[in-house]
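Structure first, commentary second.
The values are calculated or read from the model by the stated rules, or taken from the named source; none is laboratory data. Bear in mind that the values here come from a model prediction, so they are computed numbers and not experimental data. Cβ atoms come from the backbone with ideal geometry, glycine included; neighbour counts cover every protein chain shown.
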Amino acid sequence: MIMNKSHGYTLIELMAILAVVSILVTVGLPLMNVFFESNRMVSNTNDLVAGLHIARSEAIKQQMRVTLCQSADTASCSGTGQWEDGWIVFQDPNGNNTVDGGERILRVNTGASGNRVTIRSNDAGNLIANAVTFTSRGLPKALNGGSLTGTFRICDGRGRKVNADGDTTVARGVNLSPSGKVRSTNQLADIVSCP
């Protein structure tokens, strides 16, 4: 008589596999969440840096003032909302930080991705709190000729949590220099606080 061998798994083997999988899921899911939060933070930072670069390069290329302003409705600089609600880049030859008739919108951002994300200005004088205007020479200037400089801080629900090295944070910053140079940072000294 020929005996057929069973090719299945025993109950003990299945329970062991289930235990290993549950341990991996328990350890792995929180790490995946941190990974996704960090990627969203970098993405939001890169979007703001790109917006500032586009505004500056278009101002130089078109030889006119170009403004980047916060815009909740993606059509005007309404003054309501915050940077995380969205922003627009538009031609602003009169430098009044308002989309007037004939001024073309060049770029639209519909808002930051992620939960509890805030984007604020560290600028004490609030010169870049709502808008940044670049002149035809690529310099960030107010209509009165004053220089627009400062740092935007991008935070999420983790706040200004300090990294293991003690000098950097999970929050991000975007520095705007008087020459129009834009750079991102995660240095504690640049990111004063998170709301």
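Does at least one position in segment 9-32 carry a residue that is charged (D, E, K, R), more than 21 Å from residue 151 (Cα to Cα) and exposed (fewer than 11 other Cβ atoms within 10 Å of the Cβ)?
Going residue by residue through segment 9-32, those that are charged (D, E, K, R) are 13.
Checking the rest, the ones that are also more than 21 Å from residue 151 (Cα to Cα) come to 13.
Among the residues that remain, those that are also exposed (fewer than 11 other Cβ atoms within 10 Å of the Cβ) are: 13.
Yes, segment 9-32 has at least one match.
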- Query: If you go through segment 184-191 one residue at a time, do you hit one that is within 18 Å of residue 70 (Cα to Cα) and at pLDDT below 90?
  - Reply: no
- Message: Being within 17 Å of residue 174 (Cα to Cα), basic (Lys, Arg) and in a strand (DSSP E or B) is the requirement here; does residue 120 meet it?
- Response: yes
- Query: Do you know which residues across segment 114-129 are surrounded by 15 or more Cβ atoms within 10 Å (Cβ to Cβ) and closer than 19 Å to residue 45 by Cβ?
  - Reply: 114, 117, 118, 119, 120, 121, 122, 123, 128, 129
- Message: Tell me yes or no: at least one residue of segment 46-67 is hydroxyl-bearing (Ser, Thr, Tyr) and touching an Asp or Glu at 6+ places or on another chain (Cβ under 7 Å).
- Response: yes
- Message: With assigned to a strand (DSSP E or B), basic (Lys, Arg) and surrounded by 15 or more Cβ atoms within 10 Å (Cβ to Cβ) as the only criterion, which of 153, 158, 183 stands out?
- Response: 153
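Answer yes if at least one residue in segment 63-79 is part of a helix (DSSP H, G or I) and surrounded by fewer than 21 Cβ atoms within 10 Å (Cβ to Cβ), and no otherwise. Even if it seems obvious, please write down each step before you answer.
So in segment 63-79, the residues part of a helix (DSSP H, G or I) come out as none.
Checked against the condition, which is being part of a helix (DSSP H, G or I) and surrounded by fewer than 21 Cβ atoms within 10 Å (Cβ to Cβ), segment 63-79 yields no hits at all.
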- Task: Output the residue which, of all residues in segment 9-26 that are more than 47 Å from the chain's Cα centre (by Cα) and either at positive phi or of a type outside the set (S, T, N, Q) (or both), is modelled with the highest pLDDT.
- Result: 12
